[in-house]
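Please treat every number below as a calculation from the coordinates, not as lab data. Please read all numbers here as calculations on a predicted model, not as lab measurements. Every residue, glycine among them, receives a Cβ derived from its backbone with ideal geometry; neighbour counts consider all protein chains shown.
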Amino acid sequence: MATEATFTVPSDEFPLGTVFERRPHVTVELERIIPAQDVVIPYFWVRGAESDDVESAFLDHPGVENIRLVDSVEDQYLLRVEWRLEHDGVLSTLMETGVPLIEAVGTSEQWTFHVRGDDQQDIASFQQRCRDRDVPITLTKLHALTPIESDTETALTDTQREALVLAYRRGYFETPREVTMADIGDELGITQQAVASRLRRGIEKILGTTLPETRPPG
């Protein structure tokens, strides 16, 4: 049965985590991962940065091959980074085991990864491979997807669901709003930018699963 897992790694154990040494208050969120021969190319957002000179903050890691700024909106920056799979880490292990990555968010404290396997054995194999490579992952949540779960429930990650539920209960969606994103972030222990990201991506997934006209043709 399909199984979802959440695990964490220390911020400095992941190549993109080097940004926190210079900018401890930013949040990094992977956008997508594209395998290209012997290189993994992720697109990711850096939120809360104070300047557009963010490329240099990621270069001090042996696994990073190349990095460049793609786009920026206020204090949010979309970057494209390449590093070689020969660097034994979380991404290379995910690519090797074929376990899909649903979401990855990094802060100065840790990286949180949400993955999904065809069954629990897929997750166990991924964990074992990380141990073999001395990648210090910590499993924090594991659950099987049951047939009674709705499309919306399975589409949302735990962190997105948590942020949406809290925002709803605290009156964020009321007019006028009863709380701010900063208030929600304080309660969840994350930055305002991380709250914005989770709400945005969660709402996108809800719309995509509940409104037929928003679904891609296929």
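A few remarks follow.
- Other-chain or far-sequence residues with amide H under 5 Å of Val179's (modelled H): Tyr172
- Taking 7 Å steps out from each Cα toward its Cβ at His143 and Tyr168 produces label points 1.4 nm apart.
- Note on the range 151-214: Kirkwood hydrodynamic radius from all Cα pairs is 12.0 Å, rounded to one decimal.
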